[in-house]
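Values quoted throughout were computed directly from the atomic coordinates according to the rules given, and no laboratory measurement underlies them. What you see is a predicted model; the values in this text were computed from it and never measured. Using ideal geometry, Cβ is built from the backbone for each residue, glycine included, and neighbour counts are taken over all protein chains shown.
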Amino acid sequence: MKIIVAIKQVPERDAQIRVAPESKWIEEDDLAYTINEPDAYALEEALQLKEKHGGEVIVLSAGPERVTSTLREALAKGADRAIHVEVEAGDLLGRDTLGIAAMLAEAIRAESPDLILTGLQSDDLGLGQTGVVLAELLGIPHATIIMQVEKTDSGLRVKRELEDGWFQHVEIPLPALLTIQSGGNKLRYATLMGIKKAKTKETATVAAVAATAQAITLERVYLPEKQKKTEMLTGTPAEIAAQLVEKLKFDVRVL
Amino acid sequence: MSGVLVVLEQRGGVWNRMSFEALAAGQQMAATLGTTCSAAVLGASVGALAQELAGKKLEKVFAVEHALVEPYTADAYVTVLEQLVKQAAPAFVLFPHTYQVRDFAPALATRFRQVLISDVIAIHADDAARGPVFVRQLLQGKLNADYRQASRGGPCFLSVQAGTFRADTVEGGTAPVEAVAAQLEAAQIRNKPGEPFRESAQTVDLSSAPVIVSVGRGIGEQENIPLVQELADALGAELAASRPICDNGWLPMERQVGSSGQTVSPKLYLAVGISGAIQHLVGMKGSKAVIAINKDENAPIFEVADFGVVGDMFEIVPELTKAVLAAKA
């Protein structure tokens, strides 16, 4: 099976976020970036499918030069080669989900993969749609929020997460696109050997198709207003514990 | 092209609990915009559900029946809803932000060269000339963002987050029911869905627990779980967790609170080391009181907390356990 894993590079979870001047986006200069967590699970699923059934795993990411570090990590974990769709950070901000998916679709078409995997949503924008829109643009079936993937004679049998602890199996023919949920597999670390090998693996750089008019625009980002007035408690751990017990007794009334 | 069309979700003749929240959102948005609100329900047989909607304040109820839309598949929904949206020609198509909507609505919007504005937490519809602003959360709830449809050339698609609008604010009235004949053939459906199932019988019912102590990523490693278990025991509370803890197998999945786990509304929700990603907050924001302990003062959990402590949970939690036991003695 030839599998493409579409990966997004996002700010690290613990990163201190500051709104940029003019409030159109966040300050990016001193941010630390990492692989979008659900995409890491998509990569893991792809690597396990390859180990079981053979084939090739290609990692794909769109963004400025910095995304090549995330692609290199994926190569070190066992992906065979990488495609970097080169697009400046500012240009990327001017593309909505449809624009991003169109750009990825263009890079994917030439490869004709059997399977495309991606995380179910990004940790930064969280729109949760790029995979589904990509499948629609490529004219292939999709299934979302997938926990497990098994190969069958006619395609794949996937375990899809539903709400409130329910699941469902879905049979899907290939080629197909799946959006992967976190937690289905245990993530691997890159080995020293893997890191060494990654240096010999190919990363192809392709130019992004020109941006088109957006359907939706992100007009402003800002700190959320508090929904509740939070009373902050301070002091030594013992003092804080004593204050909390008072609250539990007299305000919350559970003691 | 005018009005708001709310597409409700049902399975086997039972509404998804978020359907009427979406209906409330649609009615309120239409009222602010000075336009009409209609609703649609899809299924193999939706007569009773459509009749229920006919008792709401709506311009029209679209009853879309086709044997092939059950069981749910994205292909069937996209095909049928594309026809409905073309026929009804609404300016806005509004969905509840359910897992099912996440599966098909982005593809439906693509058919109209539009992008779904997903997981909306507020709608500001007062600027009639420029169109409504839709607020969503970014970066796990650390920031809010205002989104707008770029040009009014096609329908604007949006989905509203659970708990944002109240189902009990849906206005009653009378509305005519219009049957919609959709064209759909079996060959258009590529996926074969199986019956929904649960992994194992749910033995923990967090939804009835009066006190919940919940633990998140801040716990660091599995060996530290007993620290919060002791606090839960001292308080006579159920122990719960955010998704990453259950993903790692540190606590069973049935103790997970959030959109993929249980929805709870205890008297007290004590969140330890939980940053408060949206997916977690939707599962616990109905709690009567929330106490949050987190090392990051900017963690979104503090936005919904009544009492907050910024500090090291490994120092504070044992002290709190001690103090609770002393207070009970």
Pair A:V206, A:T191: separation of 7 Å Cα→Cβ label points (nm) | 3.1 nm
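Per-residue ellipticity at 222 nm for the protein assembly as shown, helices alone: DSSP H runs ≥ 4 residues times -39500 (n - 2.57), over residue total, nearest 500 deg cm²/dmol?
Per the formula, -8500 deg cm²/dmol.
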Considering only B:Q279, B:Q222, B:Q114, give the residue with the highest GNM mean-square fluctuation for chain B, with springs between Cα atoms whenever their separation is below 10 Å.
-> B:Q222
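Please arrange B:D233, A:D39 by how many other C-beta atoms lie within 10 Å of their C-beta, fewest to most.
B:D233, A:D39
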Mean Cα-pair separation over length for chain B, i.e. relative contact order, pairs under 8 Å, 6 or more apart, % = 15 percent
Write down the Kirkwood hydrodynamic radius of chain A, to one decimal in angstroms, obtained as one divided by the mean of 1/r over all alpha carbon pairs.
-> 20.2 Å
For chain B, modelled as a GNM with alpha-carbon contacts under 10 angstrom, which of B:Q28, B:Q100, B:Q87 fluctuates the most?
-> B:Q87
Vicinal HN-Hα couplings computed from phi for the stretch B:312-326 (Karplus, 6.51 cos²θ - 1.76 cosθ + 1.60; Hz; Gly/Pro x) = 7, 4, 6, 8, 7, 4, x, 5, 5, 4, 4, 5, 5, 4, 5
Residue order, fewest to most surrounding Cβ atoms within 10 angstrom, among B:T263, A:T203 = A:T203, B:T263
In whole Å, largest first, the alpha carbons of the protein assembly as shown cover along the principal axes 70, 69, 51
Near the amide H of B:V290, under 5 Å away, which other amide H atoms are found, from residues 5 or more places off or on another chain, if H is placed in the peptide plane?
-> B:Y269, B:D306, B:F307
Quick one: what are the phi-derived ³J(HN,Hα) couplings along the stretch A:189-194, Karplus 6.51/-1.76/1.60 with θ = phi - 60°, whole Hz, x for glycine and proline?
-> 9, 6, 8, 4, 4, x
Amide H contacts under 5 Å for B:A122, restricted to residues at least 5 apart in sequence or on another chain and with H modeled in the peptide plane, are B:V135
Among trypsin sites (Lys or Arg not before Pro) in the stretch B:227-296, those in a DSSP loop whose Cβ has at most 16 other Cβ atoms within 10 Å are B:K267, B:K288, B:K295
Hey, in the GNM for chain A with a 10 angstrom Cα cutoff, which one of A:G119, A:G90, A:G165 fluctuates hardest?
-> A:G165
In whole Hz, what ³J(HN,Hα) sequence does the stretch A:238-252 give by Karplus (6.51, -1.76, 1.60; θ = phi - 60°), x for Gly and Pro?
-> 5, 5, 4, 4, 5, 5, 4, 4, 4, 5, 5, 6, 9, 9, 7
For B:V64, A:V209, ascending order of other Cβ atoms within 10 Å (fewest first) is A:V209, B:V64
Write out the GluC sites (Glu not before Pro) in the stretch A:170-252 meeting two conditions: DSSP loop, and at most 11 other Cβ atoms within 10 Å of their Cβ.
-> A:E202, A:E225
Coil-residue chymotrypsin sites (Phe, Trp or Tyr not before Pro) of the stretch A:165-255, DSSP, other Cβ within 10 Å capped at 15 = A:Y189
Rg to Rh quotient for chain B, alpha carbon positions, Kirkwood Rh = 1.03
